[in-house]
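This report concerns only the one structure given below.
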Amino acid sequence: MEDLGAHVERILNALSGEEAFQMFYSAVQDYGYDNACFTLITDHPSIDRAAMHGFTTNYPDDWMKFYGEQSLFDIDPVVYYLFKKQTAFYWEEATRTKLADERVAPIVRQKIQTMMNLAADAGLADGIGIPFVSHSGEISGVGLSRREVIKDPSYSELAEVNLLATVFKDRFLSFHKADDCPALTNREREVLCWASEGKTDVEISDQIGISEPAVRFHWSNIFKKLQVTNRLMATTKAMRLNLVTLQRSRLL
């Protein structure tokens, strides 16, 4: 097995997101994993991306298509555990915990077991999950699969793979940064600033002395300029780009 530090260096030196993924995949193959998948569990306003299973992956195409068509994301115990855990885990632990949850209906337990059996038939018999939560609450995760069941889990190896996945995630996302700050009018900034303070459109219209339809007009322009589809994503992106601040509704 190649030195862990050498793998980390290769990922850090990647010149594209695709290369970062390939370097990461090459590294985890040394640990016996056959496939890798990076998923945006929740929307990521920081990179202007909606939630997406398999943002980058080399899982079998047939399985990814079946997984999406059957909406397996909603019952996947690995996804469930990505929300629950803060550290890397083995799929067996996630599946066992999900099936033992008394809140899970018997029919759902049966669907989960069927899903895991079908995954094994597709060459994804076992694996690990690695969750990530950003400072703004965005959740993503890495899944690694292998054809054979893991008989002797090694938590030292799990820690090393967790490190590799963390380096990969940071390097990969660095190639998906949002565009440069868009040019907003002073009025659009005012609307965003008050919205970031939790004000409704009616309250914003009172605060800045314009009609409610005018506020909605400014929202329409803001959505286009920030390339978002709702107020939450707009205010989140505006704060990330330092267009507004929560402190005393101050414009920057």
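The values are calculated or read from the model by the stated rules, or taken from the named source; none is laboratory data. What you see is a predicted model; the values in this text were computed from it and never measured. Cβ placement follows ideal geometry from the backbone for every residue including glycine, while neighbour counts extend to all protein chains displayed. Remember, those area values only see protein heavy atoms, side chains included, never the ligands or the DNA or RNA. Shrake-Rupley method; radii C 1.70, N 1.55, O 1.52, S 1.80 Å.
Results, tabulated for the structure shown:
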read-out	value
Neighbour-limited loop hits for GluC sites (Glu not before Pro), segment 131-196 (at most 12 other Cβ within 10 Å; DSSP other than H, G, I, E, B)	E148
Loop GluC sites (Glu not before Pro), segment 79-130, which have at most 13 other Cβ atoms in a 10 Å radius of their Cβ (DSSP)	E102
Pairwise FRET efficiency - A6 versus S174, Cβ, R0 = 25 Å, nearest 0.05	0.80
Partner aspartates and glutamates for K98 [C-alpha distance under 14 Å; skip if fewer than 8 residues away on the same chain]	D74, D76
Relative contact order (%) - criterion: Cα under 8 Å, at least six apart; region: the chain	21
Among (1) -0.72, -0.99, -1.15, -1.33; (2) -0.79, -0.95, -1.02, -1.09; (3) -0.73, -0.96, -1.08, -1.21, the entry that matches log10 I(q)/I(0) by the Debye sum over Cα atoms at q = 0.12, 0.14, 0.15, 0.16 Å⁻¹ as calculated here	(2)
Surface accessible to a 1.4 Å probe, per residue, for the residues of segment 83-186, Å²	57
Apportionment of accessible area to carbon and sulfur, the chain, percent (1.4 Å)	50
Within-10-Å neighbourhood charge of A122 [Cβ basis; K, R +1; D, E -1]	-1
Sites matching trypsin sites (Lys or Arg not before Pro) across segment 64-163 that sit in DSSP coil, with at most 11 neighbouring C-beta atoms within 10 Å	R103, K151
Cross-link partners of K169 among aspartates and glutamates (Cα-Cα below 17 Å; sequence separation of 8 or more within a chain)	E9, E18, E19, D43, D48, E138, E160
In degrees, nearest ten, helix 106-121 long axis to first principal axis of the chain (Cα)	60
Hits among lysines - C-alpha to C-alpha of K199 under 22 Å, sequence gap 8 or more where chains match	K224, K225, K237
Amide H partners (placed H, <5 Å) of N35, local residues excluded	S145
Positive-pole candidate from A125, S71, I208, dipole of the chain, charges at beta carbon	I208
